[in-house]
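Working notes, structure below.
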Amino acid sequence: MIRGAAAITGAASGIGRALAVEFARRGCDLALADRDEAELKALAAEIGPTRKVSVHRVDVSKPDDITQFAAEATAAHPSLGIVVNNAGVALLGSFEEIDQAQMEWLFDINFWGVVHGTRAFLPHLKTMAEAHIINISSIFGIIAPPGQSAYAAAKFAVRGFSESVRHELAVAGSPVKLSVVHPGGVATSIARSSRTGVGVTDNARRAQMIERFENAAKTTPKDAALRIIKGIERNEPRILIGNDARFMDLLQRFRPGTYWAPLQRRLEKIAKGA
């Protein structure tokens, strides 16, 4: 059941924005966090006065920002029982094309942002009769294609962290549930907003990588949000989004160490329109 209030990071665009809209439609108040405060205010105006919406400028790579967000959000919304750790970034390039600073930048947002968000809100969530944490991983938290070493490493880490915390909460008999989400290709701006490895000097290659992502991203943010909401209502531990994510998950179950060769052939056929 979606009720009370929800906190969402990365709420200014993509899946986070779509979730905010769908939560509000179901009677949920909102604490919205993002670096883009202008877009958050536009979203709050779109949702309108029927719901209580607080706007918070937060950089999830900064633990103090997250701690302050949790304090302000729970003070503004005492009934807050849903936390969505959604904020994320992408980094294009092979392992040898990205430097350590870039890898740490991505981890600070995609992994440590999830960890700090979970830690900051958990004490409050444990006081609620029912509560739910939703941590956004990726299909690249299940498979690891070439050119995604940093992103896949962070998303695999989100998956492992989330599964362990979920088991700890269950063993303790906590009222807090936890779901980890693995979206496939969702039509967001993450690819166009991505950074490029310092060793990537071919702008045409970057454009090609973005084009391939956008051609493969068949799921809308709204459909992704609706699937996550269904997963929350069913208390699903793992939420796969999109036929592509379900296919890739199944393939790696049958071929855990050798999935890439058949998957690459399938992707090449898709790229050619076959």
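Readers should treat all values here as calculations from the given coordinates under stated rules, not as data from a laboratory. All values derive from a computational prediction rather than experimental measurement. Because the Cβ atoms are built from the backbone with ideal geometry, glycine has one as well, and the counts that use them run over all protein chains shown.
General observations
- Magnitude of the charge dipole for the chain, about its Cα centre and with charges confined to Cβ atoms of Lys, Arg (+1) and Asp, Glu (-1), is about 980 debye.
- With contacts taken as Cα pairs under 8 Å and at least 6 residues apart, the chain reaches a relative contact order of 19 percent.
- The slack between D202 and M128, meaning 0.36 nm per residue of separation minus the straight C-alpha distance, is 21.5 nm.
- Sparsely packed trypsin sites (Lys or Arg not before Pro) within the stretch 54-131, loop by DSSP, other Cβ within 10 Å at most 15: K126
- Spherically averaged projected area of the stretch 1-156 from its Cα convex hull (nm²): 9.1
- Electrostatic dipole magnitude of the stretch 47-117 [Cβ: Lys, Arg +1; Asp, Glu -1; Cα centre; debye, to 20]: 640
- Theoretical gain in end-to-end length, S164 to E236 [0.36 nm per residue, Cα-Cα removed]: 24.4 nm
- Residue with peak Gaussian network fluctuation, the chain [Cα springs, cutoff 10 Å], from I98, I66, I239: I98
- Answer label for volume of the Cα convex hull per residue in Å³ (calculated), chosen among (i) 199; (ii) 150; (iii) 128: (iii)
- Our estimate of slack between V21 and R57, defined as 0.36 nm per intervening residue step minus the Cα-Cα distance, is 11.1 nm.
- Neighbour counting of Cβ atoms within 10 Å sorts the residues M248, M128, fewest neighbours leading, into M128, M248.
- The stretch 18-78 and the stretch 94-160: distance between their alpha carbon centers, rounded to Å: 20
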